[in-house]
Amino acid sequence: MARVFGWTPDAEGVEAIIDDRTSDVFNMSPADDREIGVCAFQSSQSDPIVLFDALRPLEPNWRRGAQKIGDCVSWGYAIAADLVVAVSIWLKQSPWEWPGVFATEPIYGGSRVEARGRTKPAGYSDGSYGGAAAKWLTQWGALNRIDYSLATGNAEHNLTTYSGERAKAWGNWGCGGRHDRDKLDTVARQRPVSKAYRVTSFDQLAAAIKNGYPVAICSGQGLGKRGADGFAPPRGSWSHCMTATGLRFDKPGALITNSWGNSWGTSAPLPGVDWDEVKKCSAWVDAKTVDRMLKQNDSFALTGVDGLKRREINWREGWEINGRS
């Protein structure tokens, strides 16, 4: 397992973003679990909630890649954007076309430069923090893993495959690199994340997951190997961003998805998950440990992505998404 991290805590920076009244980044109030959306799942159910169940029919060939530099924050937020859109389309039956998965490099560059108001390069040391990524996604937006070079006139803007070298460069210069001239930033603004809510307790995380909202978690908590019950115990220290992508009720906990490719394998069971690609990169983590991770105050739930293309109605056969009517 290649242990590459990249969370660089900035408590003052997070609070400044929360306090900025022009921002769509908020603290989650006790009422927000009722106000931020209609629950996609019943709170009384005993079966685990696994948000990947909405992604699988839309992106059946999905594989979890592996970060190559300390850009874990962008990986945590990109998969959160993937899943919140998939849940909206597949489970909440929103009338949007599936746009494909989102790219990490613009989130990384934007969170290090534009979201922090920097007018000079950020440098080539790795790392970012959750609040900055949440600000980038809500005030600018999410870019899919496609080729934008024709739209921007810049050959460097082909995002069809992840590049650690690109992430490193864009982390210094900002969203689209040294020669961007704000063109990719402008494209990103076409698809802003609706809102981001800071999640600081397991109960708040449970409310978010029940609404179909993944939570990108930044913390210093490390995890061990997945056990026979599917749980990875707290072990060691990682300055890392991972994503809560599910919820378990029989033994309360969250499904935590990593950004190291095949980091947990498939040999140990993972109850509630029957997709091997998710087993390779995910583990259940108990509620007490998750609560401790969230208490580090730099974790955010994403509630949707705006600007998606509306599906056309086939009046003869009804809605259709990748073969599903």
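Quick note: the coordinates plus some simple rules give every number you see, no bench work behind them. All values reported here derive from a predicted model rather than from experimental measurement. All Cβ positions, even for glycine, are placed from backbone atoms using ideal geometry, and neighbour counts span all protein chains on display.
For a test of the definition: using alpha carbon positions, the gyration tensor, and the 1.5 limit on a/c, classify the stretch 212-270 as rounded, prolate or oblate. Rounded, since a/c falls under 1.5. About the centre of its Cα atoms, the chain shows a dipole size close to 440 debye [charges on the beta carbon of Lys, Arg (+1) and Asp, Glu (-1) only; nearest 20 debye]. Under a Gaussian network description of the chain, with springs only between Cα atoms under 10 Å, the residue in ASN211, ASN27, ASN61 that fluctuates furthest is ASN61.
Which translational diffusion coefficient, to the nearest whole µm²/s, is obtained for the chain from the Stokes-Einstein equation, given a Kirkwood hydrodynamic radius over C-alpha pairs, 20 °C and 1.002 mPa s? Translational diffusion coefficient: 110 µm²/s. With q set to 0.13, 0.22, 0.24 Å⁻¹, the log10 of I(q)/I(0) for the stretch 44-117, from the Debye formula over equal scatterers at the Cα positions, is -0.48, -1.00, -1.09.
Bridge orientation summary for the chain: considering DSSP beta bridges with both residues in this region, about 85 percent are antiparallel. Considering only ALA167, TYR108, MET242, and ranking their Cα positions along the charge dipole of the chain that arises from unit charges at the beta-carbon of Lys, Arg, Asp and Glu, the one farthest toward the positive end is ALA167. 3J(HN,Hα) along the stretch 225-234: 5, 6, x, 5, 8, x, 8, 9, x, x Hz, from the Karplus curve 6.51 cos²θ - 1.76 cosθ + 1.60 with θ = phi - 60°, whole Hz, x for Gly and Pro. If the viscosity is 0.890 mPa s and the temperature 25 °C, what Stokes-Einstein diffusion coefficient in µm²/s follows for the stretch 118-232 when Rh is the Kirkwood radius over Cα pairs? Rounded to a whole number, D works out at 148 µm²/s. Under a Gaussian network description of the chain, with springs only between Cα atoms under 10 Å, the residue in VAL199, VAL85, VAL305 that fluctuates furthest is VAL305.
Average 1/r across all pairs of distinct alpha carbons in the stretch 73-165, invert it, and you get the Kirkwood radius: 14.2 Å. The alpha carbons of the stretch 118-185 give a radius of gyration and a Dmax of 11.8, 31 Å, in that order. By the Stokes-Einstein formula, at 1.002 mPa s and 20 °C, the stretch 217-320 with its Kirkwood radius over alpha-carbon pairs has D equal to 140 µm²/s. Largest GNM mean-square fluctuation among GLY253, GLY117, GLY130, using the chain with Cα springs under 10 Å: GLY117.
Which order do ASP53, ASP229, ASP276 fall in if you start with the one that has the fewest other Cβ atoms within 10 Å?
With the sparsest Cβ surroundings first, the list reads ASP276, ASP229, ASP53.
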